[in-house]
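Asks: Here it is: the structure, laid out below.
What follows is calculated from the coordinates using simple rules that are stated; it is not laboratory data. Keep in mind it's a predicted model, so treat the numbers as computed, not measured. All Cβ positions, glycine included, derive from the backbone under ideal geometry; neighbour counts span all protein chains shown.
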Amino acid sequence: MEPEAAKFIGAGLASIALVGAGLGIGTIFGNYLSGALRNPSAAAGQFPNLLLGFALAEATGLFGLVVALIILFVF
Amino acid sequence: MFEAYAAESAHGGHGEGGGLPDPMHQFEIKRLVELDVFGIDASFTNSGLFMVIAVVLITAFMLWAMRRREMVPSRSQSIAELSYEFVANMLRDNTGTAGMPYFPFIFTLFMFVLALNMLGMVPYSFTVTSHIIVTFALAAAIILGITVLGFIKHGPGFLRLFVPKGVPVILVPLITVIEVISYLTRPVSLSVRLFANMMAGHTMLKVFGAFVVALGFLGGWAPLAFMVGFTALEVLVAFLQAYVFAILTCIYLNDALHLH
């Protein structure tokens, strides 16, 4: 297999990590929504934690994206 | 300098031989003023220019907004006071009163990253934080500073941070190793989070922009509508990533000041 083809296959495989990001972000926002609908007055206090949790969940997915980009553009 | 940008983007358009232009072209570092310091290339680049612009903008805005210090604030004074309170509350909520001496640092960090991210949303500008070396330099300096701070404050007892309480004695060696490794990955995760968000966002903006041009007058409205929504999302992400960078710094600072 030529290195060029292997690069593209590797980048595609590494991007599968973003599935985890999607699941994680959906979980966090879903839980926040169900909690907010039960207790709306307490929802505003947890909003910073929502944003923090979203960013941390997305970060792990983006680490996979970074590996894909490294494979594509560095090697 | 802007002629160089126009020439660069025109060149990028023809780079693929009639296909879609290269979305990675926008991240290229261009030397604006060549400087050679004892053999080290210390040229003033477009990255440095936008950092200077960010600092000048923040400083000028803060000084101008607070020039009269009215009791009932004007619009710009409100914005300055709001940003101050936002960062102060974030720092106080996460570190308590022991962390408040570090407020100037956290405020500078937050406003700097926010300004750099927002400047990147301006068309034809350069996103400084989309380079891993910039975000890694920031994150490494932060974690190094916080670690040194922890050792100054607690001495060698700072290493108690890696042994959480309430763990069965058999698991302590394993947990300690895991905690140390997770502490050492903090600069990596802190920097890569900001870098990947900025780079991926701007690459997507460029790719969908190319779709708008490629689909022409009849088909270009569909990716254009997506672009409008996505640009709004990217502005939100710019603010959110600056906020997350700052709040994680506060959390790590709290770890060093109060060992759990």
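Asks: Name the lysines eligible as straight-distance cross-link partners of B:LYS165: C-alpha to C-alpha under 22 Å, and not fewer than 8 places from it in the same chain.
Replies: Answer for B:LYS165, where 22 Å is the Cα cut-off: B:LYS153, listed by chain and number.
Asks: Another question about this same structure. Where q = 0.13, 0.18, 0.25, 0.27 Å⁻¹, what log10 of I(q)/I(0) comes from the Debye formula for the range A:3-73, counting one point per Cα?
Replies: -0.48, -0.69, -0.98, -1.06
Asks: Suppose we flag GluC sites (Glu not before Pro) only when DSSP calls them loop and at most 13 other Cβ atoms lie within 10 Å. Which is the longest uninterrupted stretch of chain B?
Replies: With GluC sites (Glu not before Pro) excluded where exposed in loops, chain B gives B:71-260 as its longest stretch.
Asks: Counting pairwise Cα distances across chain B, what percent come out greater than 27 angstrom?
Replies: 51
Asks: So how tilted is helix A:18-38 from the main axis of chain A? Cα-based, degrees 0 to 90, rounded to 10.
Replies: Result, in degrees: 0.
Asks: Over chain B, what is the relative contact order in whole percent, taking alpha-carbon pairs under 8 Å and six or more residues apart?
Replies: 23
Asks: Here's something else I'd like to know. Only counting other Cβ atoms within 10 Å, I'd like B:SER125, B:SER191, B:SER182 sorted with the fewest neighbours first.
Replies: B:SER182, B:SER125, B:SER191
Asks: Follow-up. Quick one: putting +1 on the C-beta of Lys and Arg, -1 on the C-beta of Asp and Glu, what dipole do you get for the range B:88-219 around its Cα centre, in Debye to the nearest 20?
Replies: Using only the charged Cβ atoms, the result is roughly 160 debye.
Asks: Rounding to the nearest 10 and keeping the result within 0 to 90°, find how far the Cα-based axis of helix B:103-120 lies from the longest principal axis of chain B.
Replies: 20
Asks: From other protein chains only, count the Cβ atoms within 10 Å of every residue's Cβ in B:185-197, then give the mean.
Replies: 3
Asks: Which of the trypsin sites (Lys or Arg not before Pro) across the range B:160-260 are loop residues per DSSP, with 11 or fewer other Cβ within 10 Å?
Replies: Taking the range B:160-260 and a limit of 11 other Cβ atoms within 10 Å, the loop trypsin sites (Lys or Arg not before Pro) found are B:LYS165.
Asks: Then there's this: In Å and whole numbers, how far do the C-alpha atoms of the protein assembly as shown stretch along each principal axis, longest first?
Replies: Rounded to whole Å, the extents work out to 64, 63, 60 Å.
Asks: Considering every residue in A:55-62, what mean count of other chain Cβ atoms within 10 Å of its Cβ is obtained?
Replies: Average neighbour count from other chains, rounded to a whole number: 6.
Asks: Still on this structure, please answer the following. For the range B:46-125 and the range B:170-220, write down the distance between their C-alpha centroids in whole Å.
Replies: Using only Cα atoms to place each centre, the spacing works out to 24 Å.
Asks: Using a cut-off of 18 Å between alpha-carbon atoms, which lysines can reach B:LYS206, once sequence neighbours fewer than 8 places away in the same chain are excluded?
Replies: Cα-Cα hits under 18 Å: none found.
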